[in-house]
Structure formats: C-alpha cells, structure tokens
Amino acid sequence: MSFLSLSEWGFKIVIGTLLAAAFGIILGLVFKGIDRKIAAHMQARVGPPIRQPFRDVAKLFIKENIVPENAIPWLFNLAPIVGLIATISILLYLPIGGLNPLFGDKGDLILILYLLIIPSLAMVVGGFASGSPYATVGAQREMIVMMSYEFPLAITIIAIAWRLSSIVGGNVFSLATIVANPLWNNVGLLGFIGLILLLIVLVLVTPGELSKIPFDVPEAETEIAGGLLVEYSGRNLALFYLTDAVKTVVMGSLIIALFFPYNLSPLLGLNGYLASTVDILFYLLKLFIVIIFSVTLIRVGVARLKIDQVVYTYWIPLTLVGLIGLVLLMMDARAFIPLGW
Amino acid sequence: MRFSMVPELLKQLFKKPFTNKFPAKYAPPSTKEFLEAVKKGKIKIVPPVETPPGFRGKINYDREKCIGCQLCVKVCPSQAIEFKPEEKKIRIYISRCTFCAQCTDVCPVNALSMSDEFLLANEDKLAKELIREEKVA
Amino acid sequence: MKTTYTLPIGPIHPALKEPVMFEFEIDGEKIVNVDVKAGQVHRGIEWIGTQRNPIQILYLAERICGICNISHPFAYCRAVEYIADVEVPEKAEYIRVIIAELERIHSHILWAGVAAHEVGFDSVLYLSWRLRENVMDLIEYLTGNRVTKAMFTIGGVRRDITKDQYPKIENTIKYYRENMGKLKHVFLDDKTFKLRCRDCGILTKDNALKLCAVGPTTRASGVKKDVRVDQAYSAYGDLDIDYITPDILTGEVKGDVYDRIVVRLLEVEQSLDLIEQCLDRMPTSGNIAVEEKIPKLLATLKKVEGEGIGRHEAPRGEVIHYVKLTGEEHPYTWKVRAPTYNNILPWIPMLLGEQIADIPIVAASTDPCLSCTNRVAIVENGKKNILTGEDLHRLSVEKTRRLMRK
C-alpha cells in the first residue's frame, strides 16, 4: 500500500468512480440488450436490436416525471438515486476485467454483501412511499424475498471463505486473495462436487437478487401491474432501470470472481497492454456466458412462483444443497494436509 | 424435475424465427422518411403473407353494370352504401364497410366484387381511396 | 380494528383481457372477501339490433365477440329458423359444424397461451400462438377472413366447402395431431406449472350446480353438461360425441385450474375427431341454403311472427339467443345471454382463501369473454335497475357538469 498525497487520493476516487460508473452502465445496458435478443430467438421471435436499452433509457429521461398525490415526495424521489449510487459503489470493490478491484484494500466480501442489500431496500422504500396498494403489496413481497435469499447467499460465501482459510493466511474475505487462489486448483474430488453445488446455489440466487422470473414476485406484471415500480415514471424509472442493469453486471462479476477468476494472458504468455486487452475481452466472454445461464435461460424456461413457494425454495432445498456443499468442502479439507492446522 | 420447455427453447435458438418481417426487420427511426424512401425505391418492403383466393378485401364496383335497384343499400349492416338518386348509382364508404360481402351476394347483375387489398389505413375518413363510386379502370 | 386492506383489480389491469371490476379485501396476501361488478363494456348492441332487419343483425351478432365469432350467429340463426319454420339442408348442417369446431380449436389454443402469460410463462404464450397460426390460415382459406367469418345465413351457409378444399383441411388436422402432444407435454408435465395450478381455485361440483356454471368450467368440476350432447342439434346428432371431463386423462376430478386446462386441451382433440367425421359423412352435393336469393329471404322474414330460442355450445359454454318477430322489418326483441354471464359468480367461491398471485390465473381459467356479457345493473339502496342508453347518457352528462363545477 503506497502513501499517496491527499490530492492524488482524491483524484483516484473521483476518476475511478466515474470510470466505474460509465463502465457499469454501458456494459449493463449492452448485456441487457443481448439478453433480450437471445431470449427472443429462443422464443422464435426476432426481438429488439441490441442498442434498444439505450433508446429506452434515453426516452425515459425525456418523459414527464409524475409524483402521485398520496406519495411522500422526498422519499419517492430519493429512493432511485440511493439505489443507483449503492450499486455503482459495489463495482469499486469487485475485480473487473481481470484487474484488481479499485479499492480492494478498503473493502472486502462482507462489505459487498451489505452493499448488495441497499438497492433492494431502496426499491422497498420507494414502493412504500408510492401510496398505491399495488406498490405496497410489491414492497412487502420484496422484503420477504430479500430475507429468503440472504440465507443461501451467506452459506455460499462462508463456505468459500472457510475453505480458503485453510489454504492461505491473511484476510480470506478480501477479493484480491480470492482471485489469486482459485479454489478449483486446491481441492480434491469431494471438494470439486461441493464447489459445483455452491455454484448452482449462487446461480439460483441471482434471479432472486435481480427480480427475474421465477422469483420476480415483487414486480409481477400480470398480478400487481408492475408492483414496486407501478407509480414510477420518467427520470426516476430510468434510474431504477439503470440500477437493474448495473446490478446484473455486479452479480455476474461476483460469480466470476468467486468461481472463475482465471485470466487468459498468462496462458498465452503476453505482457503489458496486450495482456490487459485480452484479459478484458476474456472477462466479457465469461460475463456473457454467466448471464446467459443464470438470467436468460431461467427467465424464459419456467413460470413465476408464488411468494410462499419462493420462500420455501430458498429456505429448504437451496439451503440444504448449500449445506451439503459446505460439508463436502469441510470433509475435503481434512483429506488434505492443511497449513498450520 | 421436469422443465418441459427448456429443451424446446434450446432447439429453437438455432432455428429461424417464425416472425414475418413485414414491413421491415426493425422499426425505422422515422416512419415518414421510411415511407418516402420506399416511394423512391431505395428501400424494399418485406411483403406480407399471401392472401388466399376468396379473400374479402376492398370492394370493387363496376359502374356500368349497376342498375340502381338499391338491394345492396338495404342489406348493408353498417349502412355504408349511399344511393345517388340523380344518377341511379351508388357510392360506397369504405371506412364504414365491415367486409361482410353481403352486398356482393345480393347484387343481381354482379356489379360488386371483393378484391384482395387490405392495406387501407388512412388518416382521413373521406379520403379518395376510401370512397368507391367510379368504375375500376 | 380493521386489519384488511382493499385492493381493486380492474376495470383496466394487465391480468384481465377485458374490463371487469373486482374489489378484494386482503389480509396480508390472503383473500378474505370478493366483490365482482361486471358491465363495463356495455355497447348497446341489442338496441342497435332492434333498428336493423334480420339479415343485418347476423353481422351485428358476429361482432359481439372476436373469439366466439361463429357461436352468436349460430344461435341467432337457429332462433330465427325456428320462428320461420325452415329446415336447413343437410350439407349446410355439416359445414356449420365444421366451422364451429374450427373456431373451438382456435379459441382453446388462444386461451392456453393467455393462461400461460398470466402465470408469467411467456415462452408458452409464443409457442401456442405460433401453433394457432395454422388453423387461422385454414379459416382464412375457407371463409375469406381470419376472424369475422361471415359464413352463416338464415337457412344455411353462404359458402361451400368443395372437394378440392379437403386436402388443406386434412393437412391442418394432421399438423395438429402431431403438435398437440408438444403442447400437452408443456402444460401438463412442467413442474412449475403444476406448482401454480394444482389445488388452486377449486370449484366443487355442488357449487358448480348451484351457481349454474356452464362450459369447460363446469365440466372440469365433474358436471356433465354440454349442449352438443344434450340437445344433439344440427349435425351433432350424427356424430360420435361425449362429455369431456378431466378423469379421462388424470383419473380423478378435483375442479381446480389444472383440471380446466386438461378439459380444454382434450376438447381440442375431440374437435379434430369431429371434423374428420364430418368430412367423411358430408354429402358431396346438395343445396347449401334454403333460399339462395336474399331479397326473397328478406321478404319471407318480414312476414313471419313468433318467438324463438337458439342455443349453441360456444367454446366458453352455452350461449342463448332469444328473438321475437312481429311481422315487421325490425324485430321486436333480441336478447343475448352469453356464457360468461353464468361463469362470473363462481369466481367468488373460487377466490376466497387464495392469494393475490392466484387472482389472474383463476379468473383466466374460466375463460371470461366480457365483450359477450353486456349489461349494466346498478344496485342503489338494494334495488336493481337496468339502465338504457338514454339513462347512461343522462348520467354521464350530469357527472361532467359536476366535475366542471369543482
């Protein structure tokens, strides 16, 4: 950790945040367009062109922003801004494009877990502040879904960190450490199966975080006419739309950082700027594959579940699978000769 | 765990889409410029699905054969046919027509027939294309 | 202390394809009380009918509903033929049955797609509507238009189905026999569909009989009611037809949403069988209408007197038309009772105790076609009034004046 002067530190924060925000928003919208195009082809349709989400956001920004009479205006307008800011700030702590996280030494995985709650909470607050019965129902549902998926998510993170702690020392929750020591290299057969199970759990938590079918009960279009977002329009809705796009990138990057942090340049023996370019392209390819399997395929393949079925799915089958993965990793650790155990 | 739709979706991903891409694949940024470019011949419109024979489209009126018996005026359900007493011929308002072809069946001299035109959208109810009174050339 | 809140669904809502007003009292997510108010799409069709002659009313009846397009003219023609005492030729009866069964196929597949959309399963919506294109193309080939078929006339049909059109019909039947398996596999075997639809929105046989439900809604609860079998009108008397209840496929009758899906998918296959039987038995020559010259027909209809009732099994249930002619050009009365009118009240026992998430799929499972149900009733101080067009106009003018004064 080098000692930078105050102005250099400020410079890094401002420029870094702007770059991360631009990167997250543009990449998020491009992947949203790709997701829609591929979903359309799966359903035998043509689908919108890939630049469509950009047009959507541009059009939303120029539309009128209506605040309903029953709403609480300051909360109603504040919620989307808070959501977007929190989501962008997560990007500063995640390794993107094969590079180390920008503020990696200032925050780790536990901080990311806490920051992930804030966008959902902003949507809940916005829903309650809307003053419409549909939004109230949607906000109640979002709170319940949040409570249910935190459990399997926590199990996955703890399992990985625990397994890592018996291999290396230091702060096992720090993302730099996790990226530098991919777990696949350090486990035997039992651990391999355990890691696959944990990967499945994390892939199924992602639609819940992002409010996509089958877990999109808070925003069910046909049941409660848009749920949380029913009273939002214009600039506020555009900000929520961007939050959703950036969160997709965040969840994808999280899965890549925990399970597939490999880079291509060491394999090809490249250096310098060429290596960074190849790394970034490989990262985009990995993100594409992760989003296809965890968001698109699940979104078009199944129906929407009811709220009690969502809670059941997260608390009973997925938690069991996660716990079995954790136990398998534990058993694997005893089979290896641990460091300083 | 049967998710019956998933294999179907994966197979469909590699086949051609079912959509008939009429008039263009993606919505043009400006409809007016698109229509002008089509008129000049710069862009070709993808044709719609073919209509079968016997399709009930825009009505054709043969003025020479009409004898002014007013039977079509009586049977039209939406009262879209107007009789012109001074000439003893009729005028048909396509904007009110329901395309039921009842007038076609009732005419004793076969002066009316249905064509296969269906792209009849217009901004003006009484535009020239939507009123039939002369013989089709 | 009141712990429930009121959630209005409708008149305009993404879950409903047509306007109807629901008011729910909800405790958390559980429904405690339901109130239904229909009649938001009143168009005054019956009044327009009393200003037109009987041939023009045929086309008006066709436009009551876009989906059950042939059912209303069919029932109306039967009513008028009863009054005028004409007997429809045999060939025309068979053609009528073929067109009615084609309409049943298209309506049930359309409904299957809409039900899948209500559960959030858009891929099945696109798949079923893709399959439906084939029968729509066939209807366009036979009748000249995809939706408003205009095939019926008093005393017969307007167009013939000739032998060179048979191959196309047989191709369509073959296409559907191959592909219904796919649709059934997706609907009946998929795990998430079963989670949503099984044991949800149950209508017991007792309630179905008491509330006089009709159509697939009541057949799914085990009540054997079908006008085609009970009355054996038109050419149905010659065909091999039986009631379709869910125990043919699953072995038991529960009366929930899943059973209604089963009944409708089985009815599509039954329709394919019926069309094949018609094609075999239809006489190849003969008149297609009692009176082909329309002016003579109009002149005859102007002189008859009497009242008649015509019934038909529409895709949604039994539709009844009542016509009274008194020797003038315009009829004295024309009354339409659509099947959805009977199927609205069963919504109340079906929805009590369910969650909000079940409202769209339960309402959609009875296949409501509210365009057919067009009546306005106001309950004021416990008295019921039926309003006419002039009353509605007066009320709306008064309301505008009230709003302008504010």
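The values are calculated or read from the model by the stated rules, or taken from the named source; none is laboratory data. Note that the structure is predicted; figures quoted are calculated from it, not measured. Cβ: placed from backbone, ideal geometry, glycine included. Neighbour counts: every protein chain shown.
Among the residues of the range A:100-140, write down those that are of a type in the set (Asp, Glu) and either surrounded by fewer than 19 Cβ atoms within 10 Å (Cβ to Cβ) or closer than 19 Å to residue A:210 by Cα (or both).
Scanning the range A:100-140 gives a single hit, A:105.
Find the residue count for the range C:183-203, including only residues that are exposed (fewer than 15 other Cβ atoms within 10 Å of the Cβ) and either within 10 Å of another protein chain (Cβ to nearest Cβ) or in contact (Cβ under 8 Å) with a residue 60 or more places away in the chain (or both).
The qualifying residues number 4.
What's the total number of residues in the range C:253-266 that are touching a residue at least 24 places away in the same chain (Cβ under 8 Å) and in a helix (DSSP H, G or I)?
Adding up the residues that qualify gives 9.
For residue A:247, state whether it is within 14 Å of another protein chain (Cβ to nearest Cβ), closer than 17 Å to residue A:124 by Cα, at pLDDT 85 or above and surrounded by 16 or more Cβ atoms within 10 Å (Cβ to Cβ). Steps first, please.
Values: within 14 Å of another protein chain (Cβ to nearest Cβ): no; closer than 17 Å to residue A:124 by Cα: yes; at pLDDT 85 or above: yes; surrounded by 16 or more Cβ atoms within 10 Å (Cβ to Cβ): yes.
No, not satisfied.
Report, by residue number, each residue of the range C:113-126 that is part of a helix (DSSP H, G or I) and either facing another protein chain (nearest Cβ under 7 Å) or surrounded by fewer than 24 Cβ atoms within 10 Å (Cβ to Cβ) (or both). So that I can check it myself, show each step before the final result.
The initial filter retains those residues of the range C:113-126 that are part of a helix (DSSP H, G or I), namely C:113-118, C:122-126.
C:113, C:114, C:117, C:118, C:122, C:123, C:124, C:125, C:126 - these are the residues of the range C:113-126 that are part of a helix (DSSP H, G or I) and either facing another protein chain (nearest Cβ under 7 Å) or surrounded by fewer than 24 Cβ atoms within 10 Å (Cβ to Cβ) (or both).
Counting only residues that are without any contact (Cβ under 8 Å) to a residue 40 or more places away in the chain and over 30 Å from residue C:168 (Cβ atoms), how many does the range B:45-74 have?
Total meeting the criteria: 6.
Is there a residue in the range A:149-156 that is more than 14 Å from residue A:258 (Cβ to Cβ) and either within 14 Å of chain C (Cβ to nearest Cβ) or β-branched (Val, Ile, Thr) (or both)?
no
So, in the range A:180-214, exactly how many residues are at pLDDT below 90, buried (at least 20 other Cβ atoms within 10 Å of the Cβ) and within 27 Å of residue A:264 (Cβ to Cβ)?
Number of matching residues: 5.
Any chance you could count how many residues in the range C:146-178 are outside any loop (DSSP other than H, G, I, E, B), within 14 Å of chain B (Cβ to nearest Cβ) and of a type in the set (Val, Ile, Thr)?
Number of matching residues: 4.
Of the residues that make up the range C:334-341, is at least one within 14 Å of chain A (Cβ to nearest Cβ) and at pLDDT below 90?
Initial filter on the range C:334-341 (within 14 Å of chain A (Cβ to nearest Cβ)): none.
Scanning the range C:334-341, I find no residue that is within 14 Å of chain A (Cβ to nearest Cβ) and at pLDDT below 90, so the answer is no.
All but one of (1) at positive phi; (2) surrounded by 20 or more Cβ atoms within 10 Å (Cβ to Cβ) hold for residue A:92; which doesn't?
For residue A:92, the exception is condition (1).
Whether any residue in the range B:11-33 is among the polar types (S, T, N, Q) and at the interface with another protein chain (Cβ under 7 Å from one of its Cβ atoms) is what I want to check.
yes
Would you call residue A:26 without any contact (Cβ under 8 Å) to a residue 12 or more places away in the chain, more than 14 Å from every other protein chain (Cβ to nearest Cβ), within 20 Å of residue A:237 (Cα to Cα) and out of contact with any helix residue (DSSP H, G or I) (no Cβ under 8 Å at 6 or more places or on another chain)?
Judged against the criteria, residue A:26 is a match.
Residue-wise test of (1) polar (S, T, N, Q); (2) assigned to a loop (DSSP other than H, G, I, E, B); (3) without any contact (Cβ under 8 Å) to a residue 12 or more places away in the chain.
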site	(1), (2), (3)
A:86	no, no, no
A:89	yes, no, no
A:96	no, yes, no
A:152	no, no, no
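Which condition from (1) surrounded by 23 or more Cβ atoms within 10 Å (Cβ to Cβ); (2) under 25 Å from residue B:19 (Cβ atoms) is the one that residue C:180 breaks?
Just one mismatch for residue C:180, condition (1).
Exactly one condition in (1) within 14 Å of another protein chain (Cβ to nearest Cβ); (2) of a type outside the set (A, V, I, L, M); (3) surrounded by fewer than 24 Cβ atoms within 10 Å (Cβ to Cβ) is not met by residue C:90; state its number.
Just one mismatch for residue C:90, condition (1).
Which one is surrounded by the most Cβ atoms within 10 Å (Cβ to Cβ), of the residues in the range C:207-225 that are in a loop (DSSP other than H, G, I, E, B) and basic (Lys, Arg)?
Among them, the one singled out is C:225.
Looking at the range C:15-67, which of the residues that are assigned to a loop (DSSP other than H, G, I, E, B) and within 18 Å of residue C:201 (Cα to Cα) is farthest from the other protein chains (Cβ to nearest Cβ)?
Ranking the qualifying residues of the range C:15-67, first place goes to C:16.
Can you list residue pairs whose Cβ atoms sit under 6 Å apart, with the first residue in the range A:274-300 being within 14 Å of chain C (Cβ to nearest Cβ) and the second being buried (at least 16 other Cβ atoms within 10 Å of the Cβ) and not in a helix (DSSP H, G or I)? Count only pairs 6 or more apart in sequence or on different chains.
Short answer, once both residue conditions are applied: A:299/A:212; A:299/A:213.
Is it the case that the range C:233-252 has a residue that's touching a Phe, Trp or Tyr at 6+ places or on another chain (Cβ under 6 Å), in a loop (DSSP other than H, G, I, E, B) and either at pLDDT 90 or above or acidic (Asp, Glu) (or both)?
So in the range C:233-252, the residues touching a Phe, Trp or Tyr at 6+ places or on another chain (Cβ under 6 Å) come out as C:235.
With the extra rule that they be in a loop (DSSP other than H, G, I, E, B), the set shrinks to none.
Within the range C:233-252, none of the residues are touching a Phe, Trp or Tyr at 6+ places or on another chain (Cβ under 6 Å), in a loop (DSSP other than H, G, I, E, B) and either at pLDDT 90 or above or acidic (Asp, Glu) (or both).
Here's the yes/no breakdown for (1) out of contact with any Lys or Arg (no Cβ under 8 Å at 6 or more places or on another chain); (2) over 25 Å from residue A:286 (Cβ atoms):
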| position | (1), (2) |
| --- | --- |
| A:12 | yes, yes |
| A:23 | yes, no |
| A:39 | no, no |
| A:44 | no, yes |
| A:57 | yes, yes |
| A:86 | yes, no |
| A:94 | yes, no |
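Residues are listed down the side, and each one gets a yes or a no for (1) within 20 Å of the chain's Cα centre (by Cα); (2) farther than 22 Å from residue A:318 by Cβ:
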position	(1), (2)
A:168	no, yes
A:171	no, yes
A:175	yes, yes
A:179	yes, yes
A:182	yes, yes
A:187	no, no
A:203	yes, no
A:210	yes, no
A:213	yes, no
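So that you can scan it fast, the table gives a plain yes or no per residue for (1) farther than 30 Å from residue B:26 by Cα; (2) of a type outside the set (A, V, I, L, M, F, W, C); (3) without any contact (Cβ under 8 Å) to a residue 60 or more places away in the chain:
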residue: A:50; (1), (2), (3): no, no, yes
residue: A:56; (1), (2), (3): no, yes, no
residue: A:82; (1), (2), (3): yes, no, yes
residue: A:118; (1), (2), (3): yes, no, yes
residue: A:128; (1), (2), (3): yes, no, yes
residue: A:134; (1), (2), (3): yes, yes, no
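If you check B:98, B:31, which single one turns out to be of a type in the set (S, T, N, Q) and either in contact with a helix residue (DSSP H, G or I) (Cβ under 9 Å, 6 or more places away or on another chain) or closer than 23 Å to residue C:148 by Cβ (or both)? Talk me through it step by step, then tell me what you get.
Values: B:31 fails: either in contact with a helix residue (DSSP H, G or I) (Cβ under 9 Å, 6 or more places away or on another chain) or closer than 23 Å to residue C:148 by Cβ (or both).
Of B:98, B:31, the one residue that is of a type in the set (S, T, N, Q) and either in contact with a helix residue (DSSP H, G or I) (Cβ under 9 Å, 6 or more places away or on another chain) or closer than 23 Å to residue C:148 by Cβ (or both) is B:98.
Can you find a residue in the range C:134-145 that is more than 14 Å from chain A (Cβ to nearest Cβ), out of contact with any strand residue (DSSP E or B) (no Cβ under 9 Å at 6 or more places or on another chain) and in a loop (DSSP other than H, G, I, E, B)?
Looking for residues that are more than 14 Å from chain A (Cβ to nearest Cβ), out of contact with any strand residue (DSSP E or B) (no Cβ under 9 Å at 6 or more places or on another chain) and in a loop (DSSP other than H, G, I, E, B), one finds at least one in the range C:134-145, hence yes.
Restricting the search to the range C:274-324, which residues are in a helix (DSSP H, G or I) and under 24 Å from residue C:226 (Cβ atoms)?
Correct list: C:274, C:275, C:276, C:277, C:278, C:279, C:280, C:281.
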